Every structure is written in C-alpha cells, then in structure tokens.
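So the structure is just underneath, and the comments pick up after that.
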Amino acid sequence: MLKAKGLSKIFTSGLLSKQRVNAVDNVDIEIKQGEILALVGESGSGKSSLGRLLLMLMQPTKGEIHFNGHELTKMKKKDLRKMRKKMQLIPQHPEDSLDPLWKIYSSLAEPLRIHGLDASKNTLLKLIEMVGLREEHLYRYPHELSGGELQRVMIARAISLRPKFIVCDEPTSMLDMSVQAAIARMLLALQEKFGLSYLFITHDLELAKIVAHRTAVMYAGQIVEEGVDVFESPFHPYTEMLLKGVKEPPESTEKPPGGCRFYDKCPKKGPKCLTSPEMVTVNGRKVRCHLFA
Ligand SMILES: Nc1ncnc2c1ncn2[C@@H]1O[C@H](COP(=O)(O)OP(=O)(O)OP(=O)(O)O)[C@@H](O)[C@H]1O
Ligand SMILES: [Mg+2]
C-alpha cells in the first residue's frame, strides 16, 4: 500500500552559518492495507517530519515514496493533488487547521467541493454523526467547540474524502484523559469500518500498545527498531530506555561523527558502535544496533 525507501529530510536554517538538521535520515517504512503502524520516539526525533513526508506535504531531500503503485516524489503537482484525497492528516493541533472565520459546515464542505464530491447538507450530516457530533455543531465556529469536538471535526474532514491512508499525528495528546480514550476508540472503529491504514504517531506507549499492529521506534531521525511486540521484548537499548521511562541525560557534545546516533547515551556501547549500525532483521524484528548484527 505505502512504501518508502531511503527517505531523508534535511532542514537548513540560519543565514550565514547554515545549520543543518537531518530530521529524517534514510528511513525505510512500509504500511500495509488495513494496518496500524505506531510511530513512537522522543520529542524532536522526527516523527511529524516523517509523517508529513509520507503525505508529500513537504518535498523529501532524498528517497522514494510508493503509494498504491505510484511514485509520489516524481508525480506532477496536478496528479499529486488527486492522490491527496487518498492520504490524509489528522493533526496534533486541530485549532490551527480550521479557518476560525468559517463555520464547521464550510470547513467540511470545502474539501468535498474541491474534489468534486457531493457536499450536500445530507452528506455533512452523515459525516458529523459518524464522529459522534450533531447537526448543531455544523453551524458553530471553531472557538465554540471543545478540543475533543474539534478533533472529531478534523476526523470527519479526513474521512470525508474516503482516504486509504491517514497519518494520525498525536491525535489525542492535547485532550483530557477521558476524551483521549473516546477519540482513540473512534479512530479504531473507523479504521476497521473502512479498512484504513494508519501511521499512528504518539508519545504514549500505552496507547501505542493498544492501537498498533506493529510499532516503529524513532531516534534522531532514524528508525532504530520495528516489530510486532517491541514493548514486550525490546531489543534496542533506546527502546529499553523509553520503556523504563528513563529521563535522558543532557546532550553530550562528544557524539562520534558517523557512529551510532545513540552512542553517547547508550549504556551498552562498545568499540563497534563508533561506526553506524545497519538495520538487520532478527527473528522477525528489525533493529539497528551492533549488539544484534
Ligand atoms: N520546518 C522546519 N524547519 C527547520 N527545522 C525543522 C522543521 N520542522 C522540524 N524541524 C526540526 O526537525 C527535527 C524533528 O522535528 P519533528 O517535529 O519531526 O519531531 P517530532 O518527533 O514530531 O517531535 P514532537 O514529538 O515534539 O512532535 C527537530 O529538530 C525540529 O526542530
Ligand atoms: Mg511531532
């Protein structure tokens, strides 16, 4: 369904002293039809950047993205726009994604109209009810909805175009505990109903455990481990650290160039780790660590 190879994104900033951030570094990733892949990792590890790349919301520096047999990075703008409706984003901050001057009705109708789909009131009613809201919500402005209700609107908008693949970027992290569970359950129900594929980005390892068919762990722009039961039996020292909830020691300056990205923080490092480990597959688990090479 969706398959990316060697995906990289380098951000540059600063006028003269060009600062380079390798936000996504040579990532291979595959998501099958009807599959939920959880993507976990600390803040700044590149999760959102990877999600946005897969949706071609920004151009990768390097790499290929194959979606239903099309290579997205080589597509013309016009063809890509058509493809877009099959790939949607549910963002972390719904309030930034809705026009504050538009009633919910217009925000839901607009994408349908753009893609030449039926944007009648009846369609909008069905949509809004599918996410547990009522007709009255259609006639409100974003600031007149709660965080949970806004996220339901974003979900309605994402599924309105009948997508195949959705990037859920920390869809519940801004919400109260009680609402988080309800939104997560609804996303799962929709996934089953429509046979959707999700990249489910989250900080919450418990949530990842519940929703995911498979989990990928990201560290410093790289996927360092991936598999079905990474939380039950972590291989990578970073995954172990995540699970124990260890607060990270401060960033060390003596990171060996070209070595393992986790070198300075790894309790199990050895001389080999001064070179970058390749991703290997051990008993169905993918892991990027010299301990398993
Ligand atoms: N548009 C941008 N321009 C420059 N640097 C960026 C840009 N977007 C992200 N970055 C940098 O890329 C790195 C990865 O950021 P990203 O937002 O993908 O991380 P994340 O894992 O989603 O973090 P969080 O869990 O906090 O959402 C960070 O160092 C960030 O500062
Ligand atoms: Mg993010």
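The values are calculated or read from the model by the stated rules, or taken from the named source; none is laboratory data. All values reported here derive from a predicted model rather than from experimental measurement. Here Cβ is always computed from backbone atoms with ideal geometry, including for glycine, and neighbour counts include all displayed protein chains. What goes into the accessible areas is simple: the full protein's heavy atoms, side chains included, and nothing from ligands, DNA or RNA. Shrake-Rupley method; radii C 1.70, N 1.55, O 1.52, S 1.80 Å.
Remarks
- Taking region 12-108 and the strands (runs of 3 or more DSSP E) fully enclosed by it, the elements with 1 or more residues that are within 12 Å of ligand 1 (Cβ to nearest atom) and touching a residue at least 60 places away in the same chain (Cβ under 8 Å) are at 19-31, 36-40.
- Every residue from region 50-84 that is within 13 Å of ligand 2 (Cβ to nearest atom) and surrounded by 21 or more Cβ atoms within 10 Å (Cβ to Cβ): L50, G51, L53
- Taken as a whole, the structure places R157 among residues that are modelled with pLDDT of 95 or more, open to solvent by 40 Å² or more (accessible area, probe 1.4 Å) and in contact with a Ser or Thr (Cβ under 9 Å, 6 or more places away or on another chain).
- The set of residues in region 205-217 that are in contact with a helix residue (DSSP H, G or I) (Cβ under 8 Å, 6 or more places away or on another chain) and within 16 Å of ligand 2 (Cβ to nearest atom) comprises L205, L207, V217.
- The set of residues in region 171-196 being touching a helix residue (DSSP H, G or I) at 6+ places or on another chain (Cβ under 8 Å) and open to solvent by less than 20 Å² (accessible area, probe 1.4 Å) consists of P171, T172, I183, A184, L187, L190, L196.
- Every condition in (1) open to solvent by 50 Å² or more (accessible area, probe 1.4 Å); (2) away from ligand 1 (no atom under 16 Å from the Cβ); (3) within 21 Å of the chain's Cα centre (by Cα) holds for E232 except the one numbered (3).
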